[in-house]
Amino acid sequence: MRGSGGAASLALSLHGLAIATSLVHSVADALLLLEVSPIGAAAYAAAAAGAYWWWLRSLADLRRDGRTGALTASLVALIWASLANGGSIAFCMPPCGAGAWADAVHIGSITFGIAAAASTFPRRRMRRGAAGPRP
C-alpha cells in the first residue's frame, strides 16, 4: 500500500482490529471445544492458524507493493471474520447468555471484518467515456 498514506494506514488499522476481535472469538471457541473434544479443538486451532497465516501473508504482500494480496485480504476478512466468527451471532442473539463479551466480539468481528474488507477490496478505475478499465 505504498504511496497511499492515510488510506493505507486506515486499512491496516481496520484489518488489525478485525484480526484482534476475530482472534478473541477463535480462542474462546477453541477453549470451549477443548472441553468437548480435544481432537476437534486441535483441528479448529489448525484451521484458524491457517486462516490467520493467509490473512497476515496477504496483508504483508499488500503492504509491500500495494496490489498483491488486496483481494485475498478482503476475502479472508469478509469470510473468516465477518461470516465465520461474527455470523455465529445468529445462534446467540444479543443479549447472549454467554455474556456481554460474546456480543462485543461477535459485533466487532462483523463490523471490523466488513470495514477491513471494504478498505482493501481492489477497485478498477474507469476512464470517463471508456468502455473498459484503464490499463
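Under 19 Å from a point 7 Å along the Cα-to-Cβ line of I107: which residues of the range 13-39 have their amide N that close?
Counting only backbone N, you get 17-26.
Placing unit charges on C-beta atoms (Lys and Arg positive, Asp and Glu negative, everything else neutral), compute the dipole magnitude of the chain about its Cα centre in debye, rounded to 20.
In debye, rounded to 20, the chain gives about 1180.
Just want to confirm a number: the relative contact order over the range 12-90, from Cα pairs under 8 angstrom separated by 6+ residues, in percent.
32
How much length would be gained if the chain were fully extended between C92 and T68, taking 0.36 nm per residue of separation minus their Cα-Cα distance, in nm to one decimal?
Gain in length upon complete extension: 5.0 nm.
Take every Cα pair under 8 Å in the chain that's 6+ residues apart, average their separations, divide by the length, and report that relative contact order as a whole percent.
Over the chain, the number comes to 31 percent.
Apply the Karplus parameterisation 6.51 cos²θ - 1.76 cosθ + 1.60, with θ equal to phi minus 60°, to every residue of the range 77-93 and state each ³J(HN,Hα) to the nearest whole Hz, in sequence, with x for glycine and proline.
Here the 3J(HN,Hα) series is 4, 6, 6, 6, 6, 6, 7, 5, 8, x, x, 5, 4, 4, 8, 8, 5 Hz.
Hey, can you grab everything whose amide H is under 5 Å from the amide H of C96? Only 5+ residues off in sequence or another chain; H modelled, so Pro and N-termini drop out.
Residues meeting the amide H criterion: D103.
Within the chain, which DSSP H helices have Cα atoms that stretch 24 Å or more along the helix axis and a mean Kyte-Doolittle hydropathy of at least 1.0?
Those that clear 24 Å and a mean of 1.0 are 6-36, 100-120.
Calculate for the chain the 222 nm mean residue ellipticity that helices alone would give, adding -39,500 (n - 2.57) per DSSP H run of length 4 or more and normalising by residue count, nearest 500 deg cm²/dmol.
So the calculated ellipticity at 222 nm is -22500 deg cm²/dmol.
Every number here is computed from the coordinates shown, using simple stated rules; none is lab data. Treat the numbers as computed from the prediction; the structure is a model and nothing was measured. When we count neighbours, we look across all protein chains shown, and the Cβ atoms used for this are built from the backbone with ideal geometry, even at glycine.
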